[in-house]
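Worksheet: the structure to be examined is printed underneath.
The numbers here are math on the coordinates, done by the rules we state, and not lab data. Note that the structure is predicted; figures quoted are calculated from it, not measured. Here the Cβ positions follow ideal geometry from the backbone for every residue, glycine too, while neighbour counts run over all protein chains shown.
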Amino acid sequence: MRLTYPHFANLTMPMKWLLEKLDCDVVLESHNKRSLQLGVQNAPELMCIPFKLALGHTLYMIDKHQNLDSCAIICENHPCRICSYGILFEAIIKEKYKNINVLNYNYSEVFNLTRQLKRIGGEGTSWLQFVRYYFIAIRKLDILDQLERMLIKIRASEKKVSATELYYTQAYNDVYKADSLKTLNAIFRHYQNAMLENWDQNNRSYVRVLIVGEMDCQTNYFLNFNIQKKVNLMGIEVERSFWLSQVINDFFHLMGSDKSNKNEIIRFKTIRNESKAYFEHNIGAELTVGASVLCAKQRYNGIIHVMPFACTLETTAATALRIISINYNIPILTLLLDEQTGEAGIVTRLEAFVDLLLQKHKRISRAVIRSSR
Amino acid sequence: MIIGIPRTMHFYNYFPMWKTFFSRLGHIVQASEPTNRSLIDQGLSLVSEDKCLPYKIALGHVSSLKDRCDLVFIPSISSPDKKCFFCPNVIYFPDVVKLIFGASLPILAIGIDQCHYRKMFKTYSQLGKIFSYDSRTFKAAYQQAIKVYADFNVLVNYGYRADDLCSHIEYADTYFDLKSNRVKAEGNLVILLLGYNYYIYDRYITFDLVDKLKQMGLIVVTPDMHQDKIIEANKNEIVSSLNWYHSKAMLKAALYYLKRNQIDGIINLAFFNCTTNAANTKLVEHINLQYQSVPLMNLIMDEHSSETGILTRLEAFVDTVSNLKKLRGNP
């Protein structure tokens with residue numbers, strides 16, 4: 001089977017490794033202008049940009065590789081547009097290419113999803129083997145997320161410039177090749193130490209911001225023009241509210257084993273508790289709002305809110321964010337991302353925002369010094 | 001006590017029921033006035049521009065009730081179908097109203113589960129407790145309300161316009177006197193108007209679309225008519241895997257009439273930035289292509305669209321439909 005699927009957060013690489021272990025040929029390429037154009041042409045006009053990117057990538061791969069025979073899409077039982085991804089994707093691909101097999105996976109039925117994934121391997125793989133691969137893939141995702149989380153923190157103040165990013169790329173390649181949990185842990189420890197050594201803790205940045213918002217906008221560097229790096233290079237530490245591995249941790253937490261810190265900004269239960277003052281219903285907007293409230297309480301200096309144009313949940317959250325900004329006196333920058341968004345516009349707004357943050361910080365610290373005299 | 005009910009969202013589905021319930025308990029029920037320009041302006045100033053127009057108007061309706069009543073009733077209703085959802089905007093509406101107006105507007109927001117009979121009774125009995133009534137008065141009011149709701153549904157299924165039913169009834173007892181207003185089933189062309197209750201029946205923002213079509217001599221069918229028959233389309237693959245209640249109803253109606261060859265054209269009426277309609281436009285086209293395809297028009301509007309533009313497109317569409325019918329009739 002020759003297969004392609006859309007990129008999603010750090011899952012892309014572990015998924016590729018897993019499918020290759022199941023004797024499946026995976027073709028992938030990073031997003032580019034052509035694939036975005038294909039997506040915009042073929043998707044309905046008002047559909048959100050993550051769907052357009054997913055569709056465009058698949059169509060681009062089908063055009064490029066003639067012997068491709070199937071493509072996969074993931075959807076979820078959820079009131080937002082994500083619930084229609086599967087049917088729409090299937091309808092559009094089937095209209096254009098009749099002999100391509102569309103695998104439609106539902107993310108909210110975890111056990112069913114696992115069974116369907118195993119079926120790709122055919123009779124050759126036993127359940128025992130498959131479960132082993134499955135857990136190694138989850139561990140890979142976890143390691144990638146943790147290293148990336150360190151990267152966007154350390155890159156703001158490093159001893160040797162751009163060395164941290166180099167370590168991350170090396171780690172990415174090594175993690176892909178690793179075959180057992182033991183080697184994975186060794187790789188993780190090695191690169192963690194290397195990154196920490198490169199961190200100039202004495203000259204650590206005193207300003208930090210949190211990126212909240214829609215998950216694909218946070219994680220897809222083609223879509224958000226890598227704002228993490230842009231903000232880092234201005235000397236500011238970044239934290240992100242969405243990590244895919246945390247979703248899995250949250251799932252295991254329900255089964256009674258969550259080791260993460262209680263006040264951690266990415267912990268779902270904490271976030272949900274914080275958002276109760278604003279929203280009664282838990283269908284997505286509460287994650288953005290809760291993370292913002294928590295970060296305001298933990299003395300972050302600013303919030304960057306990213307969302308695709310016309311995202312229903314995030315526009316609802318934006319209503320609450322305005323009130324939070326006043327209540328907690330924290331600056332919020334909202335960035336709308338779309339196929340029309342230009343990089344220069346984003347950079348200008350980010351620079352102005354960072355300028356304001358630095359000035360505010362200076363003003364406050366001066367006032368503190370004056371009062372202490 | 002004067003209880004205000006905004007003319008939005010679930011108004012055209014449940015208003016007769018709520019009105020009977022509250023008036024039996026001895027309150028005055030006041031619906032907000034029909035949409036007009038000043039209402040829209042009020043709504044536009046309250047919310048960000050990324051939302052759809054019906055949503056902005058809904059906020060306008062709520063704010064117009066601000067000084068005219070003691071309590072505004074905005075329930076959050078879970079979908080009548082078990083596995084389905086309403087659009088997130090509808091689900092979050094009570095929360096957003098609370099956020100925007102704060103303490104300045106007293107709101108009665110309660111979650112109502114319309115799909116379980118017992119749970120529904122529980123929530124309504126909670127309402128009775130809030131107003132502190134003894135159980136006998138409350139039960140009588142509740143039973144009357146349920147009866148009116150059933151009658152209302154029968155009439156809507158039969159082909160009455162839901163907005164006429166909502167505006168005419170004063171008391172539940174005079175309910176069946178409306179028969180003189182019945183929609184007449186005569187004429188040549190039948191058009192399926194796809195859209196949601198809360199804007200199809202709004203005369204101001206759709207520029208009287210239904211009446212205009214009727215004046216042109218067409219019969220208009222909407223998804224909430226003949227619900228009991230349309231259920232058979234549930235088995236379809238696309239319909240069963242969709243999670244939005246409203247879209248599901250629209251696709252079911254389209255499937256049912258297309259299969260039977262009962263309609264000559266489809267108008268898909270939607271507003272810019274509608275969450276569910278983003279997918280719907282494509283899916284309706286897809287279904288239309290599968291069966292004997294009829295002319296299909298996607299009419300997407302917002303607060304800037306003008307009456308003349310809509311009228312021109314409607315006339316052109318009706319011409320296409322009638323010409324096609326002549327061609328197919330006499331080969």
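Given N residues in the stretch A:174-244, what is its alpha carbon radius of gyration divided by 2.2 N^0.38 Å?
1.37
Please work out whether the stretch A:60-133 counts as rounded, prolate or oblate from its C-alpha gyration tensor, where a ≥ b ≥ c are the square roots of the eigenvalues and a/c under 1.5 means rounded, while otherwise a/b larger than b/c means prolate and anything else oblate?
Judged from the Cα gyration tensor, the stretch A:60-133 comes out oblate (a/c at least 1.5, b/c at or above a/b).
Is there a simple number for the mean count of other chain Cβ atoms within 10 Å of the Cβ of residues in A:92-99, and what is it?
Mean partner shielding for this stretch: 1.
Which order do B:Glu307, A:Glu123, A:Glu148 fall in if you start with the one that has the fewest other Cβ atoms within 10 Å?
Neighbour counts put them in this order, fewest first: A:Glu123, B:Glu307, A:Glu148.
Please order A:Tyr168, A:Tyr328 by the number of other Cβ within 10 Å, starting at the fewest.
Neighbour counts put them in this order, fewest first: A:Tyr328, A:Tyr168.
Considering only DSSP states other than H, G, I, E and B, which trypsin sites (Lys or Arg not before Pro) in the stretch A:72-106 qualify as loop sites with at most 13 other Cβ atoms within 10 Å?
Those satisfying the criteria are A:Lys98.
Given contacts defined as C-alpha pairs under 8 Å and at least six residues apart, what's the relative contact order of chain A, whole-number percent?
15 percent.
Rounded to the nearest 500, what is the protein assembly as shown's calculated 222 nm mean residue ellipticity when only DSSP H runs of at least 4 contribute -39500 (n - 2.57) each, over all residues?
Taking each H run of at least 4 residues, the total per residue is -17000 deg cm²/dmol.
For the residue pair B:Arg37 and B:Lys83, what label-to-label distance in nm results when each label sits 7 Å from Cα along the Cα-to-beta-carbon direction?
According to this spin-label approximation, the distance is 4.9 nm.
Hey, what does the equivalent ellipsoid look like for the stretch B:181-331, semi-axes from the Cα gyration tensor as sqrt of 5 times each eigenvalue, largest first, whole Å?
22, 20, 15
Classify the stretch A:1-124 from the C-alpha gyration tensor, please: rounded if a/c falls under 1.5, else prolate or oblate depending on whether a/b exceeds b/c.
Cα axes put the stretch A:1-124 in the oblate bin.
Reachable lysines from A:Lys177, Cα under 16 Å, same-chain residues fewer than 8 places away excluded?
Candidates past the 8-residue exclusion: A:Lys16, A:Lys21, A:Lys140.
Taking Cα atoms, how many degrees apart are the long axis of helix B:37-46 and the longest axis of chain B, rounded to 10 and kept between 0 and 90?
In chain B, helix B:37-46 runs at an angle near 70 degrees to the longest axis.
Mind checking which lysines have their Cα closer than 28 Å to the Cα of B:Lys212? Skip sequence neighbours fewer than 8 apart in that chain.
Of all the lysines, those that pass the test against B:Lys212 - Cα under 28 Å, at least 8 places apart if same chain - are B:Lys51, B:Lys56, B:Lys179, B:Lys184, B:Lys229, B:Lys248, B:Lys252, B:Lys259, B:Lys282, B:Lys325, B:Lys326.
Hey, which of these cross-link pairs are over 28 Å Cα-Cα: A:Lys96/A:Lys230; A:Lys96/B:Lys82; B:Lys19/B:Lys122?
A:Lys96/A:Lys230; A:Lys96/B:Lys82
Above 24 Å lies some portion of the pair distances; for chain B, what is it as a whole percent of all C-alpha pairs?
57 percent
Tilt of helix A:163-177 relative to the longest C-alpha principal axis of chain A, in degrees (0 to 90, nearest 10)?
Relative to chain A, helix A:163-177 is tipped by roughly 20 degrees.
Can you pull out the trypsin sites (Lys or Arg not before Pro) in the stretch A:131-194 whose DSSP state is coil and whose Cβ has at most 11 other Cβ atoms within 10 Å?
Here the sparse-neighbourhood loop sites are A:Lys160.
With angles folded into 0 to 90 degrees, how steeply does helix B:245-260 sit against the dominant principal axis of chain B? Use alpha carbons for both and round to 10.
Here the helix axis deviates by roughly 30 degrees.
Using a simple spin-label model with points 7 Å from Cα along the Cα→Cβ vector, what separation in nm is obtained for B:Arg328 and B:Leu108?
Modelled inter-label distance: 4.9 nm.
Return the average number of partner chain Cβ atoms within 10 angstrom of each residue Cβ along peptide A:313-325.
Rounded to a whole number, the mean comes out at 4.
Treat the count of other C-beta atoms within 10 Å as a stand-in for reagent exposure and order B:Glu315, A:Glu237 from fewest to most.
B:Glu315, A:Glu237
Roughly how many nanometres apart are two label points built 7 Å out from the Cα toward the Cβ at A:Leu181 and B:Lys119?
4.0 nm
What is the Cα centroid distance between the stretch A:115-143 and the stretch B:299-331, reported in whole angstrom?
Distance between centres, Cα-based: 55 Å.
Take every residue in peptide B:231-244, count the Cβ atoms of other chains within 10 Å of its Cβ, and give the average of those counts.
3
Near the amide H of A:Arg240, under 5 Å away, which other amide H atoms are found, from residues 5 or more places off or on another chain, if H is placed in the peptide plane?
Result for A:Arg240 returns A:Ile211.
What does the C-alpha gyration tensor say about the overall shape of the stretch B:1-142? Classify as rounded when a/c is under 1.5, otherwise prolate if a/b is larger than b/c, or oblate.
It comes out oblate by the Cα gyration axes.
Over all distinct alpha-carbon pairs, what is the Kirkwood Rh of the protein assembly as shown in angstrom?
Kirkwood radius, the protein assembly as shown: 28.2 Å.
Amide H to amide H under 5 Å from A:Ser70: which residues, 5+ apart in sequence or cross-chain, H placed 1.01 Å off N in plane?
A:Arg2, A:Thr4, A:Asn101
Specify the longest stretch of chain B that does not include any exposed loop site, a site being one of the trypsin sites (Lys or Arg not before Pro) with a non-H, G, I, E, B DSSP assignment and at most 10 other Cβ atoms within 10 Å.
B:185-331
Using alpha carbon centroids, what distance separates the stretch A:1-30 and the stretch A:294-326, in Å?
Cα centres, the stretch A:1-30 to the stretch A:294-326: 33 Å.
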